[in-house]
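Here's the structure we're looking at; comments come further down.
The values are calculated or read from the model by the stated rules, or taken from the named source; none is laboratory data. Please read these numbers as outputs of a predicted model, since none were measured by experiment. No Cβ is skipped: glycine too gets one built from the backbone with ideal geometry, and neighbour counts run over all protein chains shown. Just so you know, the surface numbers come from the protein's heavy atoms only, side chains and all, with ligands and any DNA or RNA stripped out. Shrake-Rupley method; radii C 1.70, N 1.55, O 1.52, S 1.80 Å.
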Amino acid sequence: MQILDGKETSRLIKQEITEEIAALREKGAKVPHLVAVLVGNNGASITYVDAKVAACEKVGMKSTLVKLSDTISEDELLQKVKELNEDDDVDGFIVQLPLPKHINEKKVTEAIAPAKDVDGFHPWNIGKMMLNLPTFLPATPYGILQLIERYNIETTGKHCVVVGRSSIVGSPIANLMSRNSYPGNSTVTLTHSRTVNLAEITRTADILIVALGKPEFITGDMVKEGVVIFDVGITRKPDKSKKSGYKLYGDVNFEQVKDKAAFITPVPGGVGPMTIVSLLKNTILAAKGK
Ligand code: NDP
């Protein structure tokens, strides 16, 4: 079994990005600027947004964190989105999800200018992705594709099983893996909570991409020898032995599958860090697009 090391791969990509940004500075060109909008005090969201802002700073990109109260109205948030759309200094921005219940996430996502939608969640960008046109790919699927490329994982003709059909992970990665390009050209089965005999299907996977949010859901008897596994899931469970007070769990029971898998992403240190570098890459793309 070989670990697909997202931490190390993302470090290498960040190094490449750092050089690209330094070259821009030297030329006196504008440095890409990412804005992250955080609404409320969700612990996981704060961690994710802080990591995104820190990654921008590390590579020399400009970043701004906009913190808004969870009592903000939908109209006020839409006004903030409009301001960011119109601000020429901002190349790309994200509104961290989930949003408080009184705000319609779909409405906010659709209000973001497609050219600044570096999360790749706007229907316009999703449509372009479906048509295989150049666009911002959603960060987590894009991170998985980059890991596949960097580790030269063969995808052509392989059976790729995706568990979970969310619009930010499962559905887009299923589409990308079936595209007529590399990485892609896989035969894809997209599964979800209504799938019958899931284990029978996952046992036929050459490539298994799991994003359902249920810790250690995929067990040793659900995979075949030689499978390549991407574990997207991240669940926090309280753990007093950890400095942070919690331990992170993936959707795959690592101990049970590790002797069968040819390659596997660990949690943490697998898909998570790749998601962040994808956001950086999308921000550079947004800046170039301008
Ligand atoms: P969602 O909750 O939006 O979707 C979960 C999907 O899993 C749904 O499609 C659901 O099916 C399916 N599902 C639920 N139970 C089962 C089951 N028993 N069998 C098969 N399918 C099932 O999740 P997300 O895609 O947003 O996130 C999934 C996980 O990935 C979470 O742990 C999240 O924290 C993590 N994540 C990690 C990221 C990273 O950077 N590493 C980025 C984004 C997410 P149905 O549609 O029928 O309800």
Requested in this report: Can you tell me which residue within the stretch 102-117, out of those that are open to solvent by less than 40 Å² (accessible area, probe 1.4 Å) and small (Gly, Ala, Ser), is nearest to LYS80 (Cα to Cα)?
Outcome: ALA111
**Report entry** the stretch 191-204, subset in a loop (DSSP other than H, G, I, E, B) and touching a helix residue (DSSP H, G or I) at 6+ places or on another chain (Cβ under 9 Å), residue nearest to the ligand (Cβ to nearest atom)
**Finding:** HIS192
Query raised in the report: Which one of these does VAL267 not meet: (1) within 14 Å of the ligand (Cβ to nearest atom); (2) of a type in the set (A, V, I, L, M); (3) open to solvent by less than 30 Å² (accessible area, probe 1.4 Å)?
Result: (3)
Query - Residues (open to solvent by 50 Å² or more (accessible area, probe 1.4 Å) and either among the small types (Gly, Ala, Ser) or out of contact with any Pro (no Cβ under 8 Å at 6 or more places or on another chain) (or both)) located in the stretch 24-46 - result: ARG25, GLU26, LYS27, GLY28, LYS30, ASN41, ILE46
Requested in this report: Say whether the condition of being under 23 Å from the mean Cα position of the chain (by Cα) and open to solvent by less than 80 Å² (accessible area, probe 1.4 Å) is met by at least one residue in the stretch 73-81.
Outcome: yes
Report summary line: Among residues of the stretch 47-60 being open to solvent by 10 Å² or more (accessible area, probe 1.4 Å) and more than 17 Å from the chain's Cα centre (by Cα), the residue farthest from the ligand (Cβ to nearest atom) is GLY60
**Report entry** Single match in GLY164, GLY233, GLY213 (criterion: within 19 Å of the chain's Cα centre (by Cα), within 12 Å of the ligand (Cβ to nearest atom) and surrounded by fewer than 17 Cβ atoms within 10 Å (Cβ to Cβ))
**Finding:** GLY213
Query raised in the report: (1) more than 14 Å from the ligand (Cβ to nearest atom); (2) surrounded by 15 or more Cβ atoms within 10 Å (Cβ to Cβ): which one isn't true of GLY120, the others all being true?
Result: (1)
**Report entry** Filter pass, ASN253 being open to solvent by 10 Å² or more (accessible area, probe 1.4 Å), more than 12 Å from the ligand (Cβ to nearest atom), not assigned by TED's automatic domain parsing to the domain that holds LYS106 and not charged (D, E, K, R)
**Finding:** yes
Query raised in the report: Say we look at the stretch 176-190 and pick out the residues that are within 15 Å of the ligand (Cβ to nearest atom) and assigned to a strand (DSSP E or B); which of these is most open to solvent (accessible area, probe 1.4 Å)?
Result: LEU190
Query raised in the report: Among LYS224, LYS247, LYS288, LYS242, which is the only one that is among the charged types (D, E, K, R), away from the ligand (no atom under 13 Å from the Cβ), assigned to a strand (DSSP E or B) and not assigned by TED's automatic domain parsing to the domain that holds THR47?
Result: LYS247
Requested in this report: Could you grab me the full set of residues in the stretch 1-23 that are within 18 Å of GLY92 (Cβ to Cβ) and open to solvent by less than 10 Å² (accessible area, probe 1.4 Å)?
Outcome: ILE13, ILE17, ILE21
Report task. Mind listing whichever residues of the stretch 123-160 are assigned to a loop (DSSP other than H, G, I, E, B) and within 16 Å of the ligand (Cβ to nearest atom)? Result -> PHE136, LEU137, PRO138
